[in-house]
Amino acid sequence: MTYEIAKFIHITGVVMLMGNITATAFWKVFADGTDDPRIIAFAQRLVTITDWSLTFWGVVLTMVGGYGALWIAGASPLAGGWLVWSQGLFVVAGLIWLGILVPIQIRQARAARDFASGGSITDAFRRDSRRWIVWGLISTVPLVAATWLMVAKPY
């Protein structure tokens, strides 16, 4: 694998990850705003599908490409401040995703299956939706910062 291929894989992963988390938040907010249980259930199902098919694989490609590029270049992941900071920010976002967002999505997926077949949208679902948006935005900040560090390499 050449450095350029590794870098391409890395950038492709970042695009998949950042694109999916941004687009998903927009269409989920709009779906939740309809108050139509069928639309909300469908959107919630898509959150799960796109998280596993785009977010997860975006993370994998980001890591494989990034560490592959470092390896090919003969550099250490601890070589520069921007590398250390960007990895730390990536980990912070991942911990929020795994520790807070995924459990919320699991609860919401179960609730959506229930109300999609004729039930009503619960207050717990709505609370979880608000938490998901807030924590999703919070987890996006370190990813945006890491992306800026990757591009700017300030130090």
Collect the residues in the range 109-132 that are open to solvent by 70 Å² or more (accessible area, probe 1.4 Å) and touching a Lys or Arg at 6+ places or on another chain (Cβ under 9 Å), keeping them in residue-number order.
113
Exactly one condition in (1) without any contact (Cβ under 8 Å) to a residue 12 or more places away in the chain; (2) more than 24 Å from residue 123 (Cα to Cα) is not met by residue 33; state its number.
(2)
Name the pairs: first residue in the range 71-86 and within 15 Å of residue 6 (Cα to Cα), second residue of a type in the set (S, T, N, Q), Cβ to Cβ under 9 Å, at least 6 apart or on different chains?
72/2; 77/87
Note: among 57, 135, 27, just one is at pLDDT below 95, within 20 Å of the chain's Cα centre (by Cα) and outside any loop (DSSP other than H, G, I, E, B), namely 27
Options 114, 128: the member that is in contact with a helix residue (DSSP H, G or I) (Cβ under 8 Å, 6 or more places away or on another chain) and of a type in the set (D, E, K, R):
128
Between 87, 105, which is within 14 Å of the chain's Cα centre (by Cα) and in a helix (DSSP H, G or I)?
105
Which of the residues that make up the range 4-59 are open to solvent by 10 Å² or more (accessible area, probe 1.4 Å) and basic (Lys, Arg)?
7, 38, 45
Across the range 84-108, the tally of residues that are surrounded by fewer than 19 Cβ atoms within 10 Å (Cβ to Cβ) and over 17 Å from residue 21 (Cα atoms) stands at 5
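The values are calculated or read from the model by the stated rules, or taken from the named source; none is laboratory data. Predicted model only: the values in this text are computed from it and were never measured. Reconstructed Cβ throughout: ideal geometry from the backbone, glycine too, with neighbour counts over all protein chains shown. Areas reflect the complete protein model, heavy atoms only, side chains present, ligands, DNA and RNA absent. Shrake-Rupley method; radii C 1.70, N 1.55, O 1.52, S 1.80 Å.
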